[in-house]
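The values are calculated or read from the model by the stated rules, or taken from the named source; none is laboratory data. Just so it is clear, the structure is predicted and the values come from calculations on it, not from any experiment. Glycine also receives a Cβ, built like all others from the backbone with ideal geometry; neighbour counts cover every protein chain displayed.
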Amino acid sequence: MPLIFDQTFDLIVIGGGAAGFMGAITAAEAGLSSILILEATNKPLEKVRLSGGGRCNVTNACWTPQDLVNYYPRGMVALRSPFSRFATGDAVSWFNEHNLNLIEEGDGRIFPKSNNSSEVVACLRNSAKAAGVSLKKQTVVTEIQYLQEKGFLVNYCGGTCLSKFVLLATGGHPSGRRLATKLGHNIVNPVPSLFSFSLKEPLLSKCAGLTLNNVQLKLQTTKKNFFETGRVLLTHKGISGPAVLRLSAFGARDLNSDKYTANLTVNWLGENLEEVKNSLQLFRCNSANKTLISARPFLHLPKRLWATILKKNNLEFCIRWAELSKNLESKLIDGLINSRYLIVGKGPFGEEFVTAGGVDLSQVNMKTMESRLCKGLFFAGELLDIDGVTGGFNFQHCWTSGWLAGNAIAKSFI
Ligand SMILES: Cc1cc2nc3c(=O)[nH]c(=O)nc-3n(C[C@H](O)[C@H](O)[C@H](O)COP(=O)(O)OP(=O)(O)OC[C@H]3O[C@@H](n4cnc5c(N)ncnc54)[C@H](O)[C@@H]3O)c2cc1C
C-alpha cells in the first residue's frame, strides 16, 4: 500500500517545550535542514514562561556532573553519562552564545539577568527561527507509525507527515506516554513530585506564613526513611518550602504507595540534644523569674511557633523557667527537636511541580537519547523517568537531553 502523507521532514519534534526546542535548535545548528516542531497548544514554551514565578530558574550553579546527579531522585545514575557531555556550565555557555545573559543568585539558582522568563522564551524561539526550524501550533499528535528504515509516519489532527527521525518531548502529558507505549516502550508509573504536606495538626495553622531556616526533617514511610535539612514554610494546611519539596521528591514513590499518609519528625532548631540542653541551662539561669511564654531561649524561633510548641506539649504558658521540672524540660526539648506530625495528604504543589516516572530508561541509550526499540526515535525532557528537585534542575535535564538528542540525530543523518 502506498504511503500517504502531506510533507516529509528530516526531523519532527513532538512537543514545543524546553526539551523539544533545545533538541530542534541543536539538530538544526548541527546541519539538519528540515525540522518541524508540532505543538498541541497555541502557546509553545508555556511552562518556561510560567516557570520560576515568571523569572525562569534556568539551571543551578552545581558545576560538576558528580554533584549534579545527586539532585535527581529519578535518574541519579543514568544521568552521569549525559551530564559528562552537557552539564550546567555548558547550558550557561549555550544561552550566552544565544544572546541570553544569565545571573547566579546567592543560593546557586541561575536566572536570566533581566529576571524575566519571557527573555528565555524569546531566546529559544528566535534561535529556532534563525536556525530554520518550523513550528506548527495547535497540532496534537495522535499516532506515530514506525516504518523501520523509512522513518516514521506522524499523524496529527488534520494531517500526516513522514519523517526520518522523531524526537518525542511531550513533558508530563499523558498523550506522549501513550505514543511511547504504542511503540513498545514501558512506562514507569507516573506520580507527582514536588508538593507540600498536609498535616493533621490544627495548632500549626496558627503559624501559617512563617518561614524557618535550617530545620531538620525526617519522613518515615512504610518502606524507607528520608532526611532533609533546610528552609520550610508553614501553611494553613501544613508545611511546605524547599526542604519539604525535596523530601516530597525523594519520597514521591513511597508516599504514593502509602496514599500520602506518613510520619514527619521535625527538629525546629536544627541543633542536637546536647546543644539544646546547654542553651536551655544557660537561659534558665538568666531568666529564672520569667515565664515560658514571655521569654523564649531560641530567638530565631518565631513567637507564634514557640507558643504552638508549648501548647502541643501541654506546657503551661505561665510556668516560670525556675519552676520547670526535669520532666517538663524533656517534654519541651522533645517538642523542639523531635516533634512528630502525621502527614494526611498532598498539599498544594510547589511552583515547580513535575511528574516522576515516564519512559523506562533501560529502553533508552543515554548517550544519544535514542530508543533501544525503534531506531530513529529519540526522547527528551520530563517524558523520561527522570526528575529533579527544585532549583533549576528540571530544566537542566531538558537542556541536556534535548542537546544530546539533537546532536545525535544530526550525526545519524550525515
Ligand atoms: C509552574 C511551574 C514552574 C516551574 N518552574 C521551574 C523552574 O523555574 N526551573 C526548573 O528547572 N523547572 C521548573 N519547572 C519544571 C519544568 O517546567 C519542567 O520540568 C519542564 O518544562 C519540562 O519540559 P519539557 O519540554 O519536557 O515538557 P513541557 O514543558 O511540558 O513541554 C511539552 C510540550 O509538549 C506538548 N504536547 C504534549 N503532548 C503533545 C502531543 N500529543 N502533541 C503535540 N504536543 C504535545 C505540550 O503542550 C507542551 O507544550 C516548573 C514547572 C511548573 C509546572
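Out of PRO112, PRO82, PRO73, I need the residue that is in contact (Cβ under 8 Å) with a residue 12 or more places away in the chain, within 20 Å of LEU404 (Cα to Cα) and either of a type outside the set (S, T, N, Q) or more than 16 Å from the ligand (Cβ to nearest atom) (or both). Which one? Don't jump to the end; show me each part of the working.
On the way: PRO112 fails: within 20 Å of LEU404 (Cα to Cα); PRO73 fails: within 20 Å of LEU404 (Cα to Cα).
Every option except PRO82 fails the conditions.
Name the single residue that is modelled with the lowest pLDDT among those in the stretch 348-361 being out of contact with any Gly (no Cβ under 8 Å at 6 or more places or on another chain) and more than 8 Å from the ligand (Cβ to nearest atom).
Within the stretch 348-361, the match that is modelled with the lowest pLDDT is GLY350.
Could you please find all residues in the stretch 37-57 being near the ligand (Cβ under 7 Å from one of its atoms) and among the β-branched types (Val, Ile, Thr)?
Matches in the stretch 37-57: THR41, VAL48.
Does LEU100 meet the test of being away from the ligand (no atom under 13 Å from the Cβ) and without any contact (Cβ under 8 Å) to a residue 40 or more places away in the chain?
So LEU100 passes the test.
Considering only the stretch 7-56, state which residues are over 24 Å from the mean Cα position of the chain (by Cα) and either assigned to a strand (DSSP E or B) or not assigned by TED's automatic domain parsing to the domain that holds SER175 (or both).
Correct list: GLN7, THR8, PHE9, ASP10, LEU11, ILE12, ILE35, LEU36, ILE37, LEU38.
Which of the residues spanning the stretch 244-267 are closer than 22 Å to PHE298 by Cβ and either buried (at least 22 other Cβ atoms within 10 Å of the Cβ) or among the β-branched types (Val, Ile, Thr) (or both)?
VAL244, THR265, VAL266
Please go through the stretch 330-351 and give me each residue that is surrounded by fewer than 17 Cβ atoms within 10 Å (Cβ to Cβ), outside any strand (DSSP E or B) and in contact (Cβ under 8 Å) with a residue 24 or more places away in the chain, ordered by number.
ILE333, ASN338
With the checklist (1) near the ligand (Cβ under 10 Å from one of its atoms); (2) over 30 Å from GLY251 (Cβ atoms) in hand, flag the one item PHE9 doesn't pass.
(1)
Could you name every one of the helices (runs of 4 or more DSSP H) located completely within the stretch 206-324 that has at least 2 residues being among the charged types (D, E, K, R)?
Per the criteria, 252-257, 273-286, 303-312.
Return only the number of the condition from (1) under 21 Å from ASP334 (Cβ atoms); (2) modelled with pLDDT of 95 or more that LEU203 does not satisfy.
(2)
Checking the condition more than 13 Å from the ligand (Cβ to nearest atom), assigned by TED's automatic domain parsing to the domain that holds LEU45, assigned to a strand (DSSP E or B) and not acidic (Asp, Glu), which residue from THR160, THR142 passes? Before you say what the answer is, go through the steps one by one.
Details: THR142 fails: more than 13 Å from the ligand (Cβ to nearest atom).
From the options THR160, THR142, the qualifying one is THR160.
For residues that are in contact with a His (Cβ under 9 Å, 6 or more places away or on another chain) and outside any helix (DSSP H, G or I), scanning just the stretch 68-96, find the one that is nearest to ALA408 (Cα to Cα).
Restricting to residues being in contact with a His (Cβ under 9 Å, 6 or more places away or on another chain) and outside any helix (DSSP H, G or I), the top hit is LEU79.
So which of ALA169, ALA130, ALA180 is over 27 Å from the mean Cα position of the chain (by Cα) and either modelled with pLDDT of 95 or more or surrounded by 17 or more Cβ atoms within 10 Å (Cβ to Cβ) (or both)?
Criteria check complete, one pass: ALA130.
From the set of residues in the stretch 362-414 that are in a loop (DSSP other than H, G, I, E, B) and of a type in the set (S, T, N, Q), which is nearest to the ligand (Cβ to nearest atom)? Talk me through it step by step, then tell me what you get.
Taking the stretch 362-414 as the starting set, the residues that turn out to be in a loop (DSSP other than H, G, I, E, B) are 366-369, 372-376, 380, 385-386, 388-392, 414.
In the following step, the residues that additionally are of a type in the set (S, T, N, Q) were identified as 368, 390.
Values: THR368: 17, THR390: 7 Å.
Going through the qualifying residues, I end up with THR390.
Exactly one condition in (1) farther than 29 Å from CYS374 by Cα; (2) under 23 Å from the mean Cα position of the chain (by Cα) is not met by LYS206; state its number.
Unmet for LYS206, out of (1) farther than 29 Å from CYS374 by Cα; (2) under 23 Å from the mean Cα position of the chain (by Cα): (2).
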